[in-house]
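Taking it in order: structure first as structure tokens, then the write-up.
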Amino acid sequence: MTKIKAVIFDLDNTLIDFWKMKNVACEAALRAMIKKGLKAPFKSSHKKLMETYLRTGLDSDTAFSEFLKEQAGQVDTRMLAAGINAYLKTKSKFLKPYPNVASTLKKLKQRGLKLVIVTDAPRLKGHQRLDSIGVDSYFDHVVGFEDTGEHKPSKLPFRAAVQKLGLKPEEILMVGDSIHRDIAPAKKIGMTSALAKYGRIEKEKGKADFELNDIAEILKIV
Ligand SMILES: [Mg+2]
């Protein structure tokens, strides 16, 4: 194997347990909106709110108003405000890194590796998440949606990272929780890949070069 000189990380569900945060924050938001008079059975409407996010995009700012429009036929601004506030309050409490994230990034930096994020989120939101878990300074670049205008599994965001790094793809290790969106495109352009098994939401076909049960296992690869 060629010597690895840089590691590209996916952000959500690779460094941050984003799905858990979203679930808990949506529960809190729903409770707050029901308190303001929203007539909705808790369990099925929670599912509906999560589906609205998947449809409008996980970083959508309109998911709540879309959801209320569908649920109640109109948007009650008082209800929307209570929901968004409850969401944001819970989000900041639950936006946490997986175990050993900060210590692993620190050790990778100490070994002289370049670190990059490739995310479908807008760059600003990427930096906000990295900052809130205290690891923003470890990263040389964040490639966000606006850098290429394409979502993964497009190869473009990965190529953009390669270009920023000025390295050959085979000198780069890609770490992500999705075979389809992270591992497959990285492999296609010649990177080495490691699947963040600990953050995986769905089981998919396909294989990475390495599988990680803990992010610290990267230190044995590079
Ligand atoms: Mg992910």
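The values are calculated or read from the model by the stated rules, or taken from the named source; none is laboratory data. Please read these numbers as outputs of a predicted model, since none were measured by experiment. Every residue, glycine among them, receives a Cβ derived from its backbone with ideal geometry; neighbour counts consider all protein chains shown. Heavy atoms of the whole protein, side chains included, go into the accessibility calculation; ligands, DNA and RNA do not. Shrake-Rupley method; radii C 1.70, N 1.55, O 1.52, S 1.80 Å.
At-a-glance table
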| read-out | value |
| --- | --- |
| Listing of helices (runs of 4 or more DSSP H) fully contained in region 150-222 that carry 2 or more residues being touching a strand residue (DSSP E or B) at 6+ places or on another chain (Cβ under 9 Å) and without any contact (Cβ under 8 Å) to a residue 24 or more places away in the chain | none |
| In region 169-187, residue farthest from the ligand (Cβ to nearest atom) [restricted to those that are among the β-branched types (Val, Ile, Thr) and crowded, with 22+ Cβ neighbours inside 10 Å] | 172 |
| Residue check, residue 47 open to solvent by 50 Å² or more (accessible area, probe 1.4 Å), without any contact (Cβ under 8 Å) to a residue 12 or more places away in the chain, at negative phi and of a type in the set (Lys, Arg) | yes |
| Of all residues making up region 57-68, the number that are farther than 17 Å from residue 44 by Cβ and either open to solvent by 50 Å² or more (accessible area, probe 1.4 Å) or part of a loop (DSSP other than H, G, I, E, B) (or both) | 6 |
| Residues that are within 15 Å of the ligand (Cβ to nearest atom) and open to solvent by less than 70 Å² (accessible area, probe 1.4 Å), drawn from region 151-160 | 152, 153, 154, 157, 158 |
| Every residue from region 89-138 that is small (Gly, Ala, Ser), in a helix (DSSP H, G or I) and surrounded by 20 or more Cβ atoms within 10 Å (Cβ to Cβ) | 126 |
| Identity of the residue in region 193-222, more than 14 Å from the ligand (Cβ to nearest atom) and under 19 Å from the mean Cα position of the chain (by Cα), that ends up most open to solvent (accessible area, probe 1.4 Å) | 203 |
| Residue check for residue 190: more than 15 Å from the ligand (Cβ to nearest atom) and open to solvent by less than 70 Å² (accessible area, probe 1.4 Å) | yes |
| Selected residue [modelled with pLDDT of 95 or more and over 18 Å from residue 15 (Cβ atoms)] from 83, 126, 134 | 83 |
| Checking residue 14 against (1) more than 16 Å from the ligand (Cβ to nearest atom); (2) not in a helix (DSSP H, G or I), the condition it does not meet | (1) |
| Of all residues in region 17-30 being more than 16 Å from the ligand (Cβ to nearest atom) and open to solvent by 30 Å² or more (accessible area, probe 1.4 Å), the one that is nearest to residue 77 (Cα to Cα) | 27 |
